[in-house]
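For reference, the structure discussed in these notes is given below.
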Amino acid sequence: MTMSSHSHDARTFQHARSPQPDSLTNLPTLPFDLGGDSDILDAPLLNAIADLAESRGAVRFTPGGGVLFDTPATRAERAALPTPRPHPPRLLELPSDRFTTSYENRPTFRTFVDRFTLAHSHHGYRMVIIPLDHRLSAPELRAVAEAAEAFGHGTIRLTADVSIRLPNVPLALLRPLFETLQKAGLGGQRTSLSNAA
């Protein structure tokens, strides 16, 4: 982490802890509760946060579903964010032959699968981990929302280690998801994928 980005992060988090006027606040927690699962975000909410990031700056997620912008959001902006809805998984039987071929022949993809996916309770599926080692821009937020809808079941989960978990991704869709995340600058490249041959 560079010195300038470190000092900016410290300033952002310091700003979030200091008292704010009622009209200007960062989001220490998002204004919703899904039965205690405030770490669950869906694509419409991610897109709304991306829209807000266009004027408020990049976003950093905090454990428990909090959102910090570069500049504070107003209460009205917070209230306008949609409440996430539960999205039951769509579990499909898809062939995994292309996954196997890509895994065996593409070292960078194999590194992604080995380091940034977890076994899933359903055979033929993985949970994808998107490490959050930087503030996310509006385009990156939109890419995560698009990935959640196209490759998962429309929902992501924030974890205590401040990563995004995209559940229910079929093996057959891991390579297209990996390529989507690479194009958006997400998916672990900053943490080690660029070092894989």
Is there any pair with a first residue in region 178-190 that is over 14 Å from R115 (Cβ atoms) and surrounded by fewer than 18 Cβ atoms within 10 Å (Cβ to Cβ) and a second that is modelled with pLDDT of 85 or more and charged (D, E, K, R) whose Cβ atoms are under 7 Å apart and which are 6 or more apart or on different chains, and what are they?
G185/E140
Those residues of region 41-86 which are touching a residue at least 24 places away in the same chain (Cβ under 8 Å), among the β-branched types (V, I, T) and either out of contact with any strand residue (DSSP E or B) (no Cβ under 8 Å at 6 or more places or on another chain) or over 14 Å from P139 (Cα atoms) (or both) amount to T62, V67, T74, T83
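Before we move on, is S102 among the small types (G, A, S) and modelled with pLDDT under 90?
No; evaluated as a whole, the condition is false for this residue.
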In the set A138, A150, A119, which member is touching an Asp or Glu at 6+ places or on another chain (Cβ under 7 Å) and modelled with pLDDT of 85 or more?
A138
From R135, R75, R56, grab the single residue that is crowded, with 18+ Cβ neighbours inside 10 Å, farther than 18 Å from R165 by Cβ, outside the structural domain of A184 (by TED's automatic domain parsing) and among the basic types (K, R).
R56
Taking region 93-116, which residues are acidic (D, E) and in a helix (DSSP H, G or I)?
D97, E104, D114
Pick from region 159-177 the residues that are within 21 Å of A50 (Cβ to Cβ) and part of a loop (DSSP other than H, G, I, E, B): which of them is modelled with the highest pLDDT?
T159
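The values are calculated or read from the model by the stated rules, or taken from the named source; none is laboratory data. For clarity, every value in this text was computed on a predicted model and none was experimentally measured. Quick reminder, even Gly has a Cβ in these numbers, built from the backbone with ideal geometry, and neighbours come from all protein chains shown.
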